[in-house]
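Here's the structure, in structure tokens; my notes come after.
The values are calculated or read from the model by the stated rules, or taken from the named source; none is laboratory data. Given the structure is predicted, the values throughout are model-derived calculations rather than measurements. Glycine gets a Cβ as well: all are built from the backbone with ideal geometry, and neighbour counts include every protein chain shown. Heavy atoms of the whole protein, side chains included, go into the accessibility calculation; ligands, DNA and RNA do not. Shrake-Rupley method; radii C 1.70, N 1.55, O 1.52, S 1.80 Å.
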Amino acid sequence: MELNIDYVRKQFPSLSGDWVFFENAGGTQVLQSTALRIGDYLINTNVQLGASYEVSQRAGERVDEGIRGMGEYINASDKSEIILGSSTSMLFRLLSMSMGEFFKAGDEVIVTNCDHEANIGPWRTFEKKGITVKEWKINRETFDLEIEELGKLMTEKTRFVALTHTSNVLGTINGIKKIASFVHERGAWIGVDGVAYAPHRLPDVQDLDVDFYAFSFYKVYGPHYSILYGKKEHLERLPGVNHFFLEKEIPYKFQPGHVNFELTYGLLGLKDYLIGLASVHSNGEKIVSFRKGAEIAFDLIAKHEEKLSKRLLEFLNCKRSVRIIGKTEWGREVRVPTVSFVVKGKSADEIPLEVEKHKIAIRSGDFYARRLIDYLGLSEQGGVIRVSMVHYNTLEEVDRLIGILDELL
Ligand SMILES: Cc1ncc(COP(=O)(O)O)c(C=O)c1O
């Protein structure tokens, strides 16, 4: 079954304008349902939580519904495993403050050279404590993170491996389930950045068997707000970063200043949307479960995205001046529709300036994957040009872009 793109686009008021948004890996457009829920919370239940009066009780129920919803969404086993905060960068930073106290001099951790800095910098600070930080480098030709290379880096002292589910530049989907099992067999924990994966596929933290997993809702059709999942047994053992009297309470010990109430409630806009989308494609069957709705919806999303990737990559693959920075294949198991490339003899920033004259938003740069861009030798030419699509983009939009790029490349 094909994705009903008209239904999809109607749920995003900003898509009714004349801009084409291909900078979605930077941030997606927001769902109407999310915006309405946030407004509703602020107008009707904006009080302190935990008091005995009725409005406070109702506000508490709304926030709790948001947290439980997100637990169901990523298939956590308990809502206490859900930590919410302002950004993935902030949540990893907080986690690193806790882990940095827990790990000891002589321990080892492994980071990649292809992650966004949010999932590298915090763990690199451990070096100051005498913890060894090793770097798992991608293969420059295939752009793969090879498990054999990880095997060479891991020792009995390795405590933690941090990597991305999907690179925000390369678009490649890493085989996290396999890597997690490899890391666990060697006695370490795995922490995964799902920011560039979550807009395109549905994470399942139990199936992946990850120890920590984070992503940001402003890239998943929602507000500037983020989630960090941690396995309960780890969160219980790790030291907190909140007030001393909250030391025993998860997730509160990792949430200084509490969650943002209106945004937590607003996250349920994603539930409204995915259930609605699944129902539209389910021949009248009424879908009520968030997880089930999300599974159906993301299957349709992945199929549609594959078509978008195919159309753009087939065009770019034929251009002799273009080098794709990432996989040239479009299969949905291999990649998401985040496509980066460079053009022979041109600085990366030249192309977006030309393209945006036609009301199409794309972008160039290193996208905070600075180490990757340096490693690939692309810094001097301004990094890469990135076209990052999501399921609300259409083949017609891709064709519009291709028409313009055809003149420029
Ligand atoms: C792959 C990836 N990880 C992490 C981040 C950081 O997310 P946040 O802005 O929520 O800190 C980004 C943001 O662009 C990203 O693309």
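Could you please tell me which pairs satisfy a Cβ distance under 6 Å, a separation of 6+ or placement on different chains, a first residue in region 143-156 that is in a loop (DSSP other than H, G, I, E, B), and a second residue that is open to solvent by 50 Å² or more (accessible area, probe 1.4 Å) and modelled with pLDDT of 95 or more? Listed pairs, sorted by first residue: M154/R186.
Looking at region 3-91, what helices (runs of 4 or more DSSP H) fall wholly within it and have at least 3 residues that are open to solvent by less than 20 Å² (accessible area, probe 1.4 Å) and either within 16 Å of the ligand (Cβ to nearest atom) or of a type outside the set (A, V, I, L, M, F, W, C) (or both)?
54-73
Tallying residues that are farther than 29 Å from N174 by Cβ, open to solvent by 60 Å² or more (accessible area, probe 1.4 Å) and touching a residue at least 40 places away in the same chain (Cβ under 8 Å) within region 351-367 yields 3.
Only residues that are more than 10 Å from the ligand (Cβ to nearest atom) and either open to solvent by less than 10 Å² (accessible area, probe 1.4 Å) or over 20 Å from P251 (Cα atoms) (or both) were counted in region 200-226, giving 15. The number of residues in region 383-398 that are of a type outside the set (V, I, T) and touching a helix residue (DSSP H, G or I) at 6+ places or on another chain (Cβ under 7 Å) comes to 6. Does any residue of region 109-124 turn out to be open to solvent by 20 Å² or more (accessible area, probe 1.4 Å) and either of a type in the set (S, T, Y) or part of a strand (DSSP E or B) (or both)? Looking for residues that are open to solvent by 20 Å² or more (accessible area, probe 1.4 Å) and either of a type in the set (S, T, Y) or part of a strand (DSSP E or B) (or both), one finds none in region 109-124, hence no.
Could you identify the single residue in R371, R323, R332, R386 that is outside the structural domain of N174 (by TED's automatic domain parsing), part of a strand (DSSP E or B), at pLDDT 95 or above and buried (at least 18 other Cβ atoms within 10 Å of the Cβ)?
It is R386.
Pairs meeting the criteria (first residue in region 250-267 and closer than 15 Å to E236 by Cβ, second residue open to solvent by 50 Å² or more (accessible area, probe 1.4 Å) and modelled with pLDDT of 95 or more, beta carbons under 8 Å, at least 6 apart or on different chains) are I250/K232; I250/E236. Residues of region 265-305 that are among the acidic types (D, E) and in a helix (DSSP H, G or I): D272, E295, D299, E305.
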